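Chemist: Before I ask anything, let me first share the structure, which is written out below as structure tokens.
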Ligand SMILES: [Zn+2]
């Protein structure tokens, strides 16, 4: 592998930041999926660009890359399907898809 190959993926359409996820002990889903969720601690809890709050069960869903409007998200704890939208003030929010 050359240096060029080991950096950004060559075919990505945009340059999103990627994130290394770690298991934060969210035990409401099977172990394999735990790193994709964490508990929300309340209104003072700042979400990272790769995190989105599930409006249904108030669990924070985490992604290996930053969220953009239009991204589809699945919340395993409450089995909701959502799409990421830009909320007031430019903050990203999840909107449940029925
Ligand atoms: Zn949920």
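What follows draws every value from the coordinates through simple rules; no lab data is involved. These figures come from a predicted structure and were not determined experimentally. All Cβ positions, glycine included, derive from the backbone under ideal geometry; neighbour counts span all protein chains shown.
Chemist: Where does each of 41, 18 land when they are ranked from fewest to most other beta-carbon atoms within 10 angstrom?
Modeler: Lowest count first: 41, 18.
Chemist: Can you tell which of 80, 15, 63 shows the greatest fluctuation in a Gaussian network model of the chain with Cα springs below 10 Å?
Modeler: Judging by the Gaussian network model, the answer is 15.
Chemist: Using just the helices of the chain, give the 222 nm mean residue ellipticity in deg cm²/dmol: DSSP H runs with n ≥ 4 each add -39,500 (n - 2.57), and the total is spread over all residues, rounded to 500.
Modeler: Only helices count here, giving -500 deg cm²/dmol.
Chemist: Relative contact order for the chain: what percent, with Cα pairs under 8 Å and sequence separation of 6 or more?
Modeler: 20
Chemist: Still on this model: Pop a pseudo-label 7 angstrom from the Cα along the beta-carbon direction at both residue 96 and residue 39 and give the gap in nm to one decimal.
Modeler: Computed distance between label sites residue 96 and residue 39 equals 2.2 nm.
Chemist: What is the extension gain from residue 28 to residue 57, computed as 0.36 nm multiplied by their sequence separation minus the C-alpha to C-alpha distance, in nm to one decimal?
Modeler: Separation in residues times 0.36 nm, less the Cα-Cα distance, equals 9.3 nm.
Chemist: Classify region 15-97: rounded, prolate or oblate, from the alpha-carbon gyration tensor (a ≥ b ≥ c, eigenvalue square roots; a/c under 1.5 rounded; otherwise prolate if a/b is larger than b/c)?
Modeler: Rounded shape, in that the Cα axes give a/c under 1.5.
Chemist: Taking 0.36 nm per intervening residue step and subtracting the Cα-Cα distance, what contour gain separates residue 78 from residue 20 on full extension?
Modeler: Working it through step by step, the gained length comes to 18.5 nm.
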